[in-house]
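Structure first, then comments.
The values are calculated or read from the model by the stated rules, or taken from the named source; none is laboratory data. Not measured: the values here are computed from a predicted model. Every residue, glycine among them, receives a Cβ derived from its backbone with ideal geometry; neighbour counts consider all protein chains shown. Note: areas computed on protein heavy atoms with side chains; ligands, DNA, RNA excluded. Shrake-Rupley method; radii C 1.70, N 1.55, O 1.52, S 1.80 Å.
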Amino acid sequence: SGTESTGAQNMVQLIQLRWMAVVGQISTIVFVVLVMGIPLPVADMAWVFLALIALNLFSMFRPRSEAGVRNGELLGALLIDVAALTALLYLSGGATNPFVFLYLLQVALGAVLLEAWSTWVLVAVTSCCFLVLTRWFEPLVIPGANADTLFRLHIIGMLICFVLNAVLVVVFVTRINRNLRRRDERVAELRQNAVEQDHIVRML
C-alpha cells in the first residue's frame, strides 16, 4: 500500500543518513587525530562504526515483511543511531563535545517520521543521554592547549555541528516530505478512481 511503501522509502532515507554519518564521523576522527594531534580511542570507536556498518548492510538486504516498515521499526532505527552517537560522544569528551547537538538531528527526523508518542520517547531518550554525558565520559586531552585555544576549538566545533545539522535536516526532511506528498497523491488518486467506479455502477 501507499503507507507501507512510504515507510520503506523513509527507512531508505535513514540508511542513507547512517552511511553519511559514518563517513563524516570517520573523516572527522581522522582529521582530529592526524591533523590536530588530539588523541582519541580509535580502536573503541572503530567497534561502533563496524556495528553501524553491519546494521546498515542488514537493513539494506534483509527481506521485507508483507506488513512493510512500521512506526516501531523506524523508532528502533533512530534509537540505535542515538545509542551509537552516545557511545562516540562518551569516548570523546561527552557533553563538552560540541557534536552533542547532533541529537537534535535525530529528534527532528523523529518528529517527521514517527507517531507523536514515539517522538516524545526519542526526546526523553536523547535528553537522558545528554544528561548522562555531562557526568560520565572520557575527557579529551589536547596537548599544549590553553583556555583561549580550547574556547576557539569549541566554537569551531559548534559551527561545524550547526552547519551539519542544518544541511542534513533540510536535505532529509525535504526528501521525506516528498515521499509523504507522493503517498497522499496516490491515496487521492485511489479515492478518485473509487468514486468514478461507484458512479459507473450506479449508472448501470
- For the range 60-204, which whole-number percentage of the solvent-accessible area (1.4 Å probe, protein heavy atoms only) is attributable to carbon and sulfur atoms? 67 percent
- DSSP loop (so not H, G, I, E, B), at most 14 other Cβ within 10 Å: list which GluC sites (Glu not before Pro) in the range 110-204 pass both filters. Glu115
- Taking a ≥ b ≥ c as the square roots of the Cα gyration tensor eigenvalues, with a/c under 1.5 meaning rounded and otherwise prolate when a/b beats b/c or oblate if not, the range 126-175 comes out oblate
- Cβ-placed point charges (K, R +1; D, E -1), dipole of the range 113-194 about Cα centre in debye, nearest 20: 340 debye
- Note on the structure: Tilt, helix 2-30 to longest principal axis of the chain (alpha-carbon atoms), in degrees rounded to tens, equals 10 degrees
- Probe 1.4 Å, accessible area per residue of the chain, Å²: 60 Å²
- Sparse-neighbourhood loop hits (chymotrypsin sites (Phe, Trp or Tyr not before Pro), the range 117-184; DSSP loop; Cβ within 10 Å at most 15 others) -> Trp136
- Item | Phi to ³J(HN,Hα) by Karplus 6.51 cos²θ - 1.76 cosθ + 1.60 over the range 187-197, Hz, x for Gly, Pro | 4, 4, 5, 5, 5, 5, 4, 5, 5, 5, 5
- the chain - Rg over Rh from alpha carbon coordinates, Kirkwood radius: 1.11
